[in-house]
Amino acid sequence: MYVFYWQRHGFKGWGFLAILGLLFLLGFTCWRWFDRAAVPAMKTQPIYQGDPERKAIALTFTIDWGEEYLPAILTALEQVGARATFFPTGQWAERHPELVRQMAAAGHEIGNHGQSHPHPDNLSREENRQDILQGEATLKAITGKKPVLYSPPYGESKPQVVAAASDLGYKFIMWTINTGDYLPNTQPEDILATILPKCQNGAIVLLHPTEPAAKALPELLKQLKERGYALVTTSEILPNG
């Protein structure tokens, strides 16, 4: 009886371990499935540069403040026949619909920068979708057109952010050159010194409506034109754009 008891006890122990192993395998399989379901293979990936075969540059302006500098920026672009891409947040566009309509009327492209300028990396996929959709609805109500480009606040691009934009059919726009025009003590000459040495076909340039950007823009446009670059929208600079 003593031997039989320990044999039974051993059998129970091995059975318990087998059940634990099956549960672990099942849990791991489910985790992998849910992980893939959360962020599946995406139809789009972040875009950092346009067509390298085309001598053209796209200037982009992301906007959640700085409306006081936009008239000068729009005037500088108009004077040389340049077009740019503006990415206003929905909350900013609601406060300044006349500026958004002015951009669109001048032939500039209006992209989506989300509604509320959150940190997208801190949001879930669904929360990002909702912020993008709200921004889309705001801009469509003002311009009558649905944006096709999305530029994430702070340039944040974790998989769930890219997946959210992909779900909604957006192209996910980053940049080739970051001017740093939003940094403290930046001067117009700093912006020129950042952009001009890095000029290249298909470059996407990140700007904001800041005082140094507005002051640097006329000289920047002049020098880019002299170097033979076409100044076009982001959609136009993409391959097959």
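For beta carbons closer than 7 Å, sequence separation of 6+ or different chains, a first residue in segment 61-80 that is in a loop (DSSP other than H, G, I, E, B) and a second that is open to solvent by 60 Å² or more (accessible area, probe 1.4 Å), the qualifying pairs are Val80/Lys225. Looking across segment 110-155 at every residue that is open to solvent by 10 Å² or more (accessible area, probe 1.4 Å), outside any helix (DSSP H, G or I) and in contact with a strand residue (DSSP E or B) (Cβ under 8 Å, 6 or more places away or on another chain), the one that is farthest from Ile177 (Cα to Cα) is identified as Lys145.
The single residue among Leu206, Leu192 that is touching a residue at least 12 places away in the same chain (Cβ under 8 Å) and in a helix (DSSP H, G or I) turns out to be Leu192.
The set of residues in segment 78-91 that are of a type in the set (A, V, I, L, M, F, W, C) and out of contact with any Gly (no Cβ under 9 Å at 6 or more places or on another chain) comprises Val80, Ala82, Ala84. Apart from one condition, Asp121 fits all of (1) in contact with a Leu (Cβ under 9 Å, 6 or more places away or on another chain); (2) in contact (Cβ under 8 Å) with a residue 12 or more places away in the chain; the exception is (1). Tell me whether segment 218-240 contains one or more residues that are open to solvent by 20 Å² or more (accessible area, probe 1.4 Å), assigned to a loop (DSSP other than H, G, I, E, B) and modelled with pLDDT under 95. Yes, segment 218-240 contains at least one residue that is open to solvent by 20 Å² or more (accessible area, probe 1.4 Å), assigned to a loop (DSSP other than H, G, I, E, B) and modelled with pLDDT under 95.
Is segment 74-91 home to any residue that is open to solvent by 40 Å² or more (accessible area, probe 1.4 Å), polar (S, T, N, Q) and either at pLDDT below 75 or at positive phi (or both)? No: segment 74-91 contains no residue that is open to solvent by 40 Å² or more (accessible area, probe 1.4 Å), polar (S, T, N, Q) and either at pLDDT below 75 or at positive phi (or both). Being of a type in the set (Gly, Ala, Ser) and either open to solvent by 10 Å² or more (accessible area, probe 1.4 Å) or touching an Asp or Glu at 6+ places or on another chain (Cβ under 8 Å) (or both) is a property that does not hold for Ala203. Of all the listed residues (Pro209, Pro197), the sole one being more than 15 Å from the chain's Cα centre (by Cα), open to solvent by 40 Å² or more (accessible area, probe 1.4 Å) and at pLDDT 95 or above is Pro197. Residues in segment 165-183 that are in contact (Cβ under 8 Å) with a residue 40 or more places away in the chain and either outside any loop (DSSP other than H, G, I, E, B) or among the β-branched types (Val, Ile, Thr) (or both) were compared, and the one that is farthest from Thr194 (Cα to Cα) is Asp167. Inspection of segment 42-60 identifies at least one residue that is touching a helix residue (DSSP H, G or I) at 6+ places or on another chain (Cβ under 9 Å) and exposed (fewer than 14 other Cβ atoms within 10 Å of the Cβ).
The values are calculated or read from the model by the stated rules, or taken from the named source; none is laboratory data. Since the model is a prediction, treat every value here as computed from it, not as a measurement. Cβ: placed from backbone, ideal geometry, glycine included. Neighbour counts: every protein chain shown. Surface accessibility is based on the protein's heavy atoms, side chains included, excluding ligands, DNA and RNA. Shrake-Rupley method; radii C 1.70, N 1.55, O 1.52, S 1.80 Å.
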